[in-house]
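Engineer: Input: one structure, supplied below.
The values are calculated or read from the model by the stated rules, or taken from the named source; none is laboratory data. Please read these numbers as outputs of a predicted model, since none were measured by experiment. For neighbour counting, all protein chains shown are included, and Cβ atoms are generated from backbone atoms with ideal geometry for every residue, glycine included. Ligands, DNA and RNA are stripped out before the accessible areas are found, and what is left, the full protein with its side chains, is counted by its heavy atoms. Shrake-Rupley method; radii C 1.70, N 1.55, O 1.52, S 1.80 Å.
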Amino acid sequence: VKSADPAMVPELVRVLHCNQCGAEFSLPENQASGSCPFCGSNVVVPTDPETRIEPKSLLPFLIDARKAKELFAKWVGSRFWAPNNLKQLALVENGLKGCYIRYWTYDTFTTTAYVGQRGEHYWVTESYTDSNGNRQTRQVRKTRWYPASGIVFVPFDDVLVLASEHRPPKYAQAMNTWNLSGLVEYDSKFVTGFTAMRYDISLEDGFEIAKRIMATAIDRAIRYDIGGDEQQIIS
């Protein structure tokens, strides 16, 4: 697990809890108050910091706040049906704020033994009577099935799992296409002045999610190994 250092460290900033959606996030000490960066609610209360696994790497922001505001205003302006409150946000001085989102990233090498069946198509000629009572012939596709078994080896590098339950799944999935070549070693100076999400999905629970993500690629590898025109995976 690349992202997790076994050393546990305490949070050094103020931690707030949102009573609306349940998210927890940290604020810089010099920021007096804040709304929830996830649901926008102002009903946030202080909560006790607890020991946390320190981030190992970080993707720093590539543009500053002024440029971000310009790009956001341009983007919103090009959307005719954009809600008015979204357009107004582009005009507010502090309407756009940076927030660091936390992920787990997993590397693993999988070995999977499987049992299945390989289907091979063939064609036969069948006779039938059409609606006018005439005898006709047609080609019908059928499938012969053969037993198949084997072992596939599938490596995975940087399987990303969003470490928060407070993002709608469709947005969370869209946020997994980061360019990880830009990762730098974590340093608290990067998060100075920014809100930072706290993880609420544990390292172990995150790996269960990663397994489900990896299962899709393993399934493809098995089907490729079985070959044929169709495949059935029994176990």
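Engineer: What pairs come up if the first residue lies in the stretch 117-133 and is assigned to a strand (DSSP E or B), the second is at pLDDT below 90, and their beta carbons are under 8 Å apart, counting only those six or more places apart or on different chains?
Structural biologist: Going by the 8 Å Cβ cut-off, there are no qualifying pairs.
Engineer: As an exercise: evaluate Phe194 against (1) surrounded by 15 or more Cβ atoms within 10 Å (Cβ to Cβ); (2) within 13 Å of the chain's Cα centre (by Cα) and give the number of the one condition it does not meet.
Structural biologist: (2)
Engineer: Among residues belonging to the stretch 76-126 that are modelled with pLDDT under 85 and among the basic types (Lys, Arg), point out the one that is least open to solvent (accessible area, probe 1.4 Å). If you could, list the steps in order and put the result at the bottom.
Structural biologist: To start, the set of residues in the stretch 76-126 that are modelled with pLDDT under 85 comprises 76-99.
From what is left, the residues that are among the basic types (Lys, Arg) are 79, 87, 97.
Details: Arg79: 109, Lys87: 72, Lys97: 126 Å².
Ranking the candidates gives Lys87 first.
Engineer: Further, regarding this structure: Consider Ile222 against the criteria (1) β-branched (Val, Ile, Thr); (2) open to solvent by 50 Å² or more (accessible area, probe 1.4 Å); (3) part of a helix (DSSP H, G or I): it satisfies all of them except one. Which criterion is unmet?
Structural biologist: Failing condition for Ile222: (2).
Engineer: Does the stretch 154-164 include one or more residues that are among the hydroxyl-bearing types (Ser, Thr, Tyr) and over 17 Å from Arg102 (Cβ atoms)?
Structural biologist: The first filter runs over the stretch 154-164 and keeps only residues among the hydroxyl-bearing types (Ser, Thr, Tyr), leaving 164.
Those still in the list that are over 17 Å from Arg102 (Cβ atoms) too: none.
No, there is no match, as no residue in the stretch 154-164 is among the hydroxyl-bearing types (Ser, Thr, Tyr) and over 17 Å from Arg102 (Cβ atoms).
Engineer: In the stretch 115-154, what residues are more than 15 Å from Ile226 (Cβ to Cβ) and small (Gly, Ala, Ser)?
Structural biologist: Listed by number, the residues that qualify are Ser127, Ser131, Gly133.
Engineer: Let me ask something additional. Of all residues in the stretch 157-171, count the ones that are surrounded by fewer than 17 Cβ atoms within 10 Å (Cβ to Cβ) and touching a strand residue (DSSP E or B) at 6+ places or on another chain (Cβ under 7 Å).
Structural biologist: Here the count works out to 2.
Engineer: Whether any residue in the stretch 180-187 is more than 30 Å from Thr111 (Cβ to Cβ), modelled with pLDDT under 90, part of a helix (DSSP H, G or I) and open to solvent by less than 80 Å² (accessible area, probe 1.4 Å) is what I want to check.
Structural biologist: Our first condition is that a residue be more than 30 Å from Thr111 (Cβ to Cβ); within the stretch 180-187, this holds for 182, 184-187.
Now drop any that are not modelled with pLDDT under 90, which leaves 187.
Narrowing the set further to residues that are part of a helix (DSSP H, G or I) leaves none.
The answer is no, given that none of the residues of the stretch 180-187 is more than 30 Å from Thr111 (Cβ to Cβ), modelled with pLDDT under 90, part of a helix (DSSP H, G or I) and open to solvent by less than 80 Å² (accessible area, probe 1.4 Å).
Yes/no matrix, rows are residues, columns are (1) within 28 Å of Ser57 (Cβ to Cβ); (2) within 28 Å of the chain's Cα centre (by Cα):
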{"position": "Val140", "(1), (2)": "no, no"}
{"position": "Trp145", "(1), (2)": "no, no"}
{"position": "Ser149", "(1), (2)": "no, no"}
{"position": "Asn176", "(1), (2)": "yes, yes"}
{"position": "Tyr199", "(1), (2)": "yes, yes"}
{"position": "Gly206", "(1), (2)": "yes, yes"}
{"position": "Met214", "(1), (2)": "yes, yes"}
{"position": "Arg223", "(1), (2)": "no, yes"}
{"position": "Glu230", "(1), (2)": "no, no"}
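Engineer: Out of contact with any His (no Cβ under 9 Å at 6 or more places or on another chain), of a type in the set (Val, Ile, Thr) and touching a residue at least 12 places away in the same chain (Cβ under 8 Å) - does that describe any residue in the stretch 156-168? Don't jump to the end; show me each part of the working.
Structural biologist: Going through the stretch 156-168, the residues out of contact with any His (no Cβ under 9 Å at 6 or more places or on another chain) turn out to be 156-168.
Subset that is of a type in the set (Val, Ile, Thr): 159, 161.
The next check asks that each one be touching a residue at least 12 places away in the same chain (Cβ under 8 Å); those that pass are 159, 161.
Yes; the residues of the stretch 156-168 include at least one that is out of contact with any His (no Cβ under 9 Å at 6 or more places or on another chain), of a type in the set (Val, Ile, Thr) and touching a residue at least 12 places away in the same chain (Cβ under 8 Å).
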